[in-house]
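Accompanying notes for the structure given below.
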């Protein structure tokens, strides 16, 4: 019997992120506590966002609304990296970016975790910005998925191409 396998990736669903941003923008436009505060959220380039408001607290509140929408849409907050609020004239801005892909350092960390704590007979290959995990037993692959989900990684992971 051929080996079963799956891939561990770190990808962002751009459509869901766009929907979350649009929902947050609508809520900010309609909420009473954001009226006349100049609060807004918008895309900056392909993977960046910019939050604008007239005070630090307002900008952070906009960020909280956006994070809430991301969670509802099933996007891990580990993909979003935001900076500190910074003064820009009379406004306060927060910039954020979405990160995708698994760096070679992160891939080595996950590979070592699977080799050390995973079932025997599981093979891990690093292929660019993703990892291929293969084994003769599907149960071993399920155990690896549970292990990686349970690990406290500093980046979001998804499991694709399970065969």
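Tabulated results
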{"quantity": "Search result, residues across the stretch 4-19 that are surrounded by 14 or more Cβ atoms within 10 Å (Cβ to Cβ) and more than 13 Å from the chain's Cα centre (by Cα)", "calculated": "4, 5, 6, 7, 8, 19"}
{"quantity": "Single residue of the stretch 88-107 satisfying the filter (part of a loop (DSSP other than H, G, I, E, B) and under 24 Å from the mean Cα position of the chain (by Cα)) that is surrounded by the fewest Cβ atoms within 10 Å (Cβ to Cβ)", "calculated": "103"}
{"quantity": "Candidate set: the stretch 66-87, residues that are surrounded by 14 or more Cβ atoms within 10 Å (Cβ to Cβ) and in contact with a strand residue (DSSP E or B) (Cβ under 8 Å, 6 or more places away or on another chain); chosen: the one farthest from residue 23 (Cα to Cα)", "calculated": "85"}
{"quantity": "Scan of the stretch 124-143 for residues that are in contact (Cβ under 8 Å) with a residue 60 or more places away in the chain, over 26 Å from the mean Cα position of the chain (by Cα) and surrounded by fewer than 18 Cβ atoms within 10 Å (Cβ to Cβ), ordered by number", "calculated": "136, 137, 138"}
{"quantity": "Search result, residues across the stretch 108-147 that are in contact with a helix residue (DSSP H, G or I) (Cβ under 9 Å, 6 or more places away or on another chain) and part of a helix (DSSP H, G or I)", "calculated": "110, 113, 114, 117, 144, 147"}
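Every residue, every condition in (1) over 25 Å from residue 103 (Cβ atoms); (2) surrounded by fewer than 14 Cβ atoms within 10 Å (Cβ to Cβ); (3) over 17 Å from the mean Cα position of the chain (by Cα); (4) not assigned by TED's automatic domain parsing to the domain that holds residue 156, yes or no:
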{"site": "25", "(1), (2), (3), (4)": "yes, no, yes, yes"}
{"site": "32", "(1), (2), (3), (4)": "yes, yes, yes, yes"}
{"site": "40", "(1), (2), (3), (4)": "yes, no, yes, yes"}
{"site": "49", "(1), (2), (3), (4)": "no, no, no, yes"}
{"site": "52", "(1), (2), (3), (4)": "yes, no, yes, yes"}
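The values are calculated or read from the model by the stated rules, or taken from the named source; none is laboratory data. Just so it is clear, the structure is predicted and the values come from calculations on it, not from any experiment. Here Cβ is always computed from backbone atoms with ideal geometry, including for glycine, and neighbour counts include all displayed protein chains.
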